[in-house]
Amino acid sequence: MEVAAGAQAAGLDVTLVEQGGRLCSRTLPIAAADWLRRFHVSRGVDVRLGCSVLRLDGDADVRSAQLSDGSALPVGAVVVGIGIDPSTSLAEQMGLQVRSGIVVDRNCRTSVPEIFAAGDVAEHVCPWHRVPVRIETWDNANRQGAIAARQIAGSGAALHLVKPVQALGDDLQGPLEGASDRSCTAPPWFWSDQYGVNLQVIGAPLCGDTVLAGAGGNATVDSPLFIYLRGDAVIGAVGINRPREMRRLRKLLAERPDLQRDALIAEGFDVAHAEPALCS
């Protein structure tokens, strides 16, 4: 999305081909993803959802792209965003437990107690998502790196230890130690800047069952704020050009991870309008 915004701003014609039914489905709920699609379309980007590239044609250079919707596009440059596969071969050779990544506990300790892992490669039980996840963000890598360093240096006594990682088991559907305890875990956070617009995501909005659309009192079509609840607990938020509110929410959730809807109202957030989250 950032490349599309940069290319369009540079005066290029941009076609964005997305195989899924919405943009950023791994990170954005439906309401926020739909806003992002409309925003890019308004800037002149041709967004093709539910579409894929069948082949690229050309000689030394790519000249055209054949799409699954039957169309062919003249192409001058191709950018392919396919995500990452974590490099876990060394961990596997050393006998570490590996699933979607190198399995670690809250202190970034692997199944071999003397070995630590942090960042995009590390799978941990996230109490905000309630399942083991790998979080591929700068903030998470920065935070986990500091946690691992404190543990290695022997100064992590103040951190709350959880059940050894070997005891977590392989059944990801069952209850997991620490999965409902957010008391010492700051919410995940990342941002993206597109066309000078700042998008921020806090917590696990995809896990919400209710969205407080337009929460915050002064939300507009150009700067929406979506706050997501699981039951009555605030589980995450998506804000577009709402840095002040997102900064407040991030601080509130770090200090009060069990923040409830009533407490959010007491903090001055307008949460009168609620609707099903439709995150999936």
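The values are calculated or read from the model by the stated rules, or taken from the named source; none is laboratory data. Just so you know, these numbers come straight off a predicted model, no measurement behind them. All Cβ positions, glycine included, derive from the backbone under ideal geometry; neighbour counts span all protein chains shown.
Overview of results
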quantity	calculated
Set 111, 89: member being modelled with pLDDT of 95 or more and either surrounded by fewer than 17 Cβ atoms within 10 Å (Cβ to Cβ) or touching a Ser or Thr at 6+ places or on another chain (Cβ under 9 Å) (or both)	89
Criterion (in a loop (DSSP other than H, G, I, E, B), modelled with pLDDT of 60 or more, in contact with a Pro (Cβ under 9 Å, 6 or more places away or on another chain) and not assigned by TED's automatic domain parsing to the domain that holds residue 37) met by exactly one of 202, 135	135
Residue check for residue 130: crowded, with 18+ Cβ neighbours inside 10 Å and not β-branched (Val, Ile, Thr)	yes
Region 7-45, residues that are β-branched (Val, Ile, Thr) and in contact (Cβ under 8 Å) with a residue 12 or more places away in the chain	14, 15, 17, 27, 30, 45
Residues located in region 73-86, provided they are exposed (fewer than 12 other Cβ atoms within 10 Å of the Cβ) and either more than 30 Å from residue 14 (Cβ to Cβ) or in contact with a Ser or Thr (Cβ under 9 Å, 6 or more places away or on another chain) (or both)	74
Search result, residues across region 187-199 that are more than 10 Å from residue 250 (Cα to Cα) and either part of a strand (DSSP E or B) or of a type in the set (Phe, Trp, Tyr) (or both)	190, 191, 192, 193, 194, 195, 197, 198, 199
Sole exception among (1) surrounded by 15 or more Cβ atoms within 10 Å (Cβ to Cβ); (2) assigned to a helix (DSSP H, G or I); (3) under 19 Å from the mean Cα position of the chain (by Cα) for residue 229, by number	(2)
Breaking point among (1) assigned to a strand (DSSP E or B); (2) at pLDDT below 90, for residue 172	(1)
Some residue of region 17-25 being at positive phi and either surrounded by 14 or more Cβ atoms within 10 Å (Cβ to Cβ) or among the basic types (Lys, Arg) (or both)	yes
Residue match in region 145-153 (condition: within 26 Å of residue 230 (Cα to Cα), outside the structural domain of residue 233 (by TED's automatic domain parsing) and crowded, with 18+ Cβ neighbours inside 10 Å)	no
Residue check, residue 48 outside the structural domain of residue 132 (by TED's automatic domain parsing) and not in a strand (DSSP E or B)	no
Failed item in (1) of a type outside the set (Lys, Arg); (2) over 24 Å from residue 235 (Cα atoms); (3) modelled with pLDDT of 95 or more, with residue 154 passing the rest	(3)
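So that you can scan it fast, the table gives a plain yes or no per residue for (1) closer than 30 Å to residue 116 by Cα; (2) touching a Leu at 6+ places or on another chain (Cβ under 6 Å); (3) in the same structural domain as residue 132 (by TED's automatic domain parsing):
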position: 27; (1), (2), (3): yes, no, no
position: 54; (1), (2), (3): no, no, no
position: 58; (1), (2), (3): no, no, no
position: 67; (1), (2), (3): no, no, no
position: 79; (1), (2), (3): no, no, no
position: 97; (1), (2), (3): yes, no, yes
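Residue by residue, here is whether (1) in contact with a helix residue (DSSP H, G or I) (Cβ under 9 Å, 6 or more places away or on another chain); (2) more than 26 Å from residue 2 (Cβ to Cβ); (3) without any contact (Cβ under 8 Å) to a residue 60 or more places away in the chain holds:
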residue: 73; (1), (2), (3): no, no, yes
residue: 92; (1), (2), (3): no, yes, yes
residue: 107; (1), (2), (3): yes, yes, yes
residue: 116; (1), (2), (3): yes, yes, yes
residue: 121; (1), (2), (3): yes, no, yes
residue: 132; (1), (2), (3): yes, yes, yes
residue: 137; (1), (2), (3): no, no, yes
residue: 143; (1), (2), (3): no, no, yes
